[in-house]
1. Could you tell me whether any residue of the stretch 70-90 is outside any loop (DSSP other than H, G, I, E, B) and over 24 Å from E260 (Cβ atoms)?
2. Yes or no: the stretch 16-30 includes at least one residue that is assigned to a loop (DSSP other than H, G, I, E, B) and open to solvent by 60 Å² or more (accessible area, probe 1.4 Å).
3. Does any residue of the stretch 171-189 turn out to be within 26 Å of E108 (Cβ to Cβ), in contact with a helix residue (DSSP H, G or I) (Cβ under 8 Å, 6 or more places away or on another chain) and either at pLDDT 90 or above or part of a loop (DSSP other than H, G, I, E, B) (or both)?
4. Quick check on M141: is it closer than 22 Å to S49 by Cα and either modelled with pLDDT under 95 or open to solvent by less than 20 Å² (accessible area, probe 1.4 Å) (or both)?
5. Out of S57, S42, which single residue is of a type in the set (S, T, N, Q), open to solvent by less than 70 Å² (accessible area, probe 1.4 Å) and either part of a helix (DSSP H, G or I) or at pLDDT 90 or above (or both)?
6. Can you name the number of the only condition in (1) part of a loop (DSSP other than H, G, I, E, B); (2) touching a strand residue (DSSP E or B) at 6+ places or on another chain (Cβ under 9 Å); (3) open to solvent by less than 10 Å² (accessible area, probe 1.4 Å) that R158 fails?
7. Taking A99 as the residue in question, decide whether it is part of a helix (DSSP H, G or I) and open to solvent by less than 80 Å² (accessible area, probe 1.4 Å).
8. Within the stretch 124-137, can you find the residues that are open to solvent by less than 30 Å² (accessible area, probe 1.4 Å) and either aliphatic (A, V, I, L, M) or modelled with pLDDT under 95 (or both)?
Amino acid sequence: SSPAPEGYVWEQLVALGTSHVGYGTMRLDEQGYTVVGARPFSKGGKNFSSIRSFMESLYGVTSMEESAQRIVQVALSAPAHHPLIVMGHNGPAGLGSRAFDVCGVDWEPSAGDHGDPDLQAALADLHRAGRRVSLVTFGHMHHRLHAASRHRPSPLRRMVALDPATGTVFLNAATVPRIIPASNAASAAAVPPSNTPVSSNAPPTSPKRFGSGRRARMAAKAAAAATATASITATTTTSGRLPRGPTHHHFMIADLDCGEVVSARDVWVQVTEVTEETVAAVLQAATSVEESNGKAGSIAIEPRRFGNYVVQIVSQHVVLRTVPGENGAVVKFIWNAHDQLYEPYVLHSAAAPMAAVCGASNSEGPAAGAGGTGHSPGDDLEMSTPPMTAAAEATVLGLRAR
């Protein structure tokens, strides 16, 4: 007979072993951080009664208040000098109540905040206790909005947020599906704004097929990578088995320095199954695609073989970047996927104490001057530093895409 749902859960926990961080910690002593686990298996929202028996049987937690206390308790056990990286299944409440917000309800006309109240309370308690939370990362809330919200100009959710008071960055990594056939990958690699011209008559690997700008070029690169390997991997191996076609895998990558998230990006990686008969041809095709597309952006990694697979980056998109501002300020540009624009936040040392101490060593150049200018979201990896208004402290200035 099939095991009960709890049986499947236990199988997952056993498989994870010490890697399971729910209501626990994982010290990264070499890097100087501690990962803190929030409430596992969250379904989001304020209701706890429907999950009380499940959470009590697994973790002995019977309420939102107990859950918040447990998160704080384990977080305070981390070394005092370690900035914290909080990992949850769902994000905290307080990040917005519109359908397209990071944890917004997109399946009901009334919308609402579907974040976890216990995580919100725990983060507030940790801030009051003087603990630095550099990053909160989670999933659950899918990047494409529910059909009930498709009447909106954009079908995409905001996936990044920042708390100007604390400098904490919130990253939603729930790009769904995370693994897709390479033949279907172009639509995930670039979603051009609705006013971007798209040429249906262009060749399948032409940037014009996907709109304009950097993201269109990345989509064309993904299509070229898939095309280059498809015919090679279709060759039957000596064992008679047909290798699986190439697939694209999504990752959200964050770079931290001195307790601060200095950059983050969406990355799609192509994984191609190979054999001894096909590996040389697949590597050559992947390398040719890299060279024909010029510079690869902020990550430059040669296609390489891992066991029976060749791995290559096919597209990436910056969703957060940091530049030093005026008078010791730090400016963070956050990508708003729903409105297809970058939003700049100006943080002073009270919100980014680690950055002040370390001199923002991973920053990308000064931001000075007055006013603002728009940049195409397709050109994010080539975006020059836009001028900023120094008086716009912790304020969204609204850099709109053109």
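The values are calculated or read from the model by the stated rules, or taken from the named source; none is laboratory data. Only a predicted model underlies this, so the values are computations on that prediction, with no experimental measurement involved. We place every Cβ from the backbone using ideal geometry, glycine too, and count neighbours over all the protein chains shown. Remember, those area values only see protein heavy atoms, side chains included, never the ligands or the DNA or RNA. Shrake-Rupley method; radii C 1.70, N 1.55, O 1.52, S 1.80 Å.
1. Checking the stretch 70-90: at least one residue is outside any loop (DSSP other than H, G, I, E, B) and over 24 Å from E260 (Cβ atoms).
2. Yes: the stretch 16-30 contains one or more residues that are assigned to a loop (DSSP other than H, G, I, E, B) and open to solvent by 60 Å² or more (accessible area, probe 1.4 Å).
3. yes
4. Yes: the conditions hold for M141.
5. S42
6. (3)
7. When the stated conditions are applied, A99 does not pass them.
8. Hits for the stretch 124-137 are L126, V133, L135, V136.
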